[in-house]
Structure formats: C-alpha cells, structure tokens
1. Tally the residues that are of a type in the set (Asp, Glu) and at pLDDT below 95, restricting the search to the stretch 82-114.
2. Would you be able to tell me the number of residues in the stretch 53-62 that are in contact (Cβ under 8 Å) with a residue 24 or more places away in the chain and surrounded by 15 or more Cβ atoms within 10 Å (Cβ to Cβ)?
3. Taking residue 69 and the conditions (1) more than 19 Å from residue 100 (Cα to Cα); (2) outside any strand (DSSP E or B), which numbered condition does it fall short on, given that it satisfies the others?
4. So, of the residues in the stretch 10-52 that are out of contact with any helix residue (DSSP H, G or I) (no Cβ under 9 Å at 6 or more places or on another chain) and of a type in the set (D, E, K, R), which turns out to be surrounded by the fewest Cβ atoms within 10 Å (Cβ to Cβ)?
5. Is at least one residue of the stretch 92-99 in contact with a Phe, Trp or Tyr (Cβ under 8 Å, 6 or more places away or on another chain), among the polar types (S, T, N, Q) and in contact (Cβ under 8 Å) with a residue 24 or more places away in the chain?
6. May I ask you to list the residues in the stretch 87-115 that are open to solvent by 30 Å² or more (accessible area, probe 1.4 Å), in a helix (DSSP H, G or I) and either charged (D, E, K, R) or out of contact with any strand residue (DSSP E or B) (no Cβ under 9 Å at 6 or more places or on another chain) (or both)?
7. Kindly indicate whether residue 62 is within 19 Å of residue 14 (Cβ to Cβ) and either assigned to a loop (DSSP other than H, G, I, E, B) or in contact with an Asp or Glu (Cβ under 6 Å, 6 or more places away or on another chain) (or both).
8. If I ask for residues that are open to solvent by less than 60 Å² (accessible area, probe 1.4 Å), under 25 Å from residue 112 (Cβ atoms) and out of contact with any Phe, Trp or Tyr (no Cβ under 6 Å at 6 or more places or on another chain), which ones from the stretch 63-82 would you list?
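The values are calculated or read from the model by the stated rules, or taken from the named source; none is laboratory data. Keep in mind it's a predicted model, so treat the numbers as computed, not measured. For neighbour counting, all protein chains shown are included, and Cβ atoms are generated from backbone atoms with ideal geometry for every residue, glycine included. Ligands, DNA and RNA are stripped out before the accessible areas are found, and what is left, the full protein with its side chains, is counted by its heavy atoms. Shrake-Rupley method; radii C 1.70, N 1.55, O 1.52, S 1.80 Å.
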Amino acid sequence: QVQLVESGGGLVQPGGSLRLSCAASGSIFRLYVMGWYRQAPGKSRQLVARITNDGSTNYADSVKGRFTISRDNTKNTVALQMNSLKPEDTAVYYCHGQRFNDNYWGQGTQVAVSS
C-alpha cells in the first residue's frame, strides 16, 4: 500500500510560480511511475505530467515549457514546478503513483490562478 500526500497549492497571480510536492510512503517508490493530474470544476481529471522510474518525462501540451516534474527516490518525493501560471491552470492537482495494476492517488491540493 502506498500513501501519497500533496502540499504546496495556493493562490497565485497570473505569471507567477508554485511548486507542488508529493510525499509517498513505501519502500519501492523508486519502481513507481509518478504523475500529476488536475481536475478543473466541471471537467474530467487530466494528466499534467508523468515521470517514469528511470526519469523519463512527458507533459500535456498545455503545460510544456512551463511545468517541470521531478522525483527524488532517496526521499520518496515527486515535485511539480509550475511557472508562468495562467488562469486556466486553476484546478485541484492530484499526485498519482502507478506500478502494474496498482494505482494510488493523493487527496489533492487546490491551485488557483487569479488576479
């Protein structure tokens, strides 16, 4: 069983930055594909960024060049650095871990981008 706890959300002005962090329990964190998803009001949950256990990354087109996902397997953490934030980035952001058929979600952290 893996538990994921996000932190770092909040209110930021357009053009600003936020850094989300996700702390994971479990000794095999390094084997998991980790990702960040987001869900805006009235919309389905969508992938923002993913990082594999060997460090390969992929991003949604809407965040390429602005967001960066990273992981530290020694600390069991995954982070999402978000720069040049836009109002359309407003959503609840969820940390996700996956290995084979096992999927784990955090409780979510709210990000609001508004002037």
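1. Here is the first cut: in the stretch 82-114, the residues of a type in the set (Asp, Glu) are 88-89, 102.
Filter again for at pLDDT below 95, leaving 102.
Of the residues in the stretch 82-114, 1 are of a type in the set (Asp, Glu) and at pLDDT below 95.
2. Step one: list which residues in the stretch 53-62 are in contact (Cβ under 8 Å) with a residue 24 or more places away in the chain, which gives 62.
Then drop every residue that is not surrounded by 15 or more Cβ atoms within 10 Å (Cβ to Cβ), which leaves none.
Final tally of qualifying residues: 0.
3. Answer for residue 69: the failing condition is (2).
4. Only one residue fits best here, namely 43.
5. Taking the stretch 92-99 first, the residues in contact with a Phe, Trp or Tyr (Cβ under 8 Å, 6 or more places away or on another chain) are 93-99.
From what is left, the residues that are among the polar types (S, T, N, Q) are 98.
Now drop any that are not in contact (Cβ under 8 Å) with a residue 24 or more places away in the chain, which leaves 98.
There is at least one residue in the stretch 92-99 that is in contact with a Phe, Trp or Tyr (Cβ under 8 Å, 6 or more places away or on another chain), among the polar types (S, T, N, Q) and in contact (Cβ under 8 Å) with a residue 24 or more places away in the chain.
6. 88
7. No; evaluated as a whole, the condition is false for this residue.
8. Scanning the stretch 63-82 gives 63, 66, 67, 69, 70, 77, 78, 79, 81.
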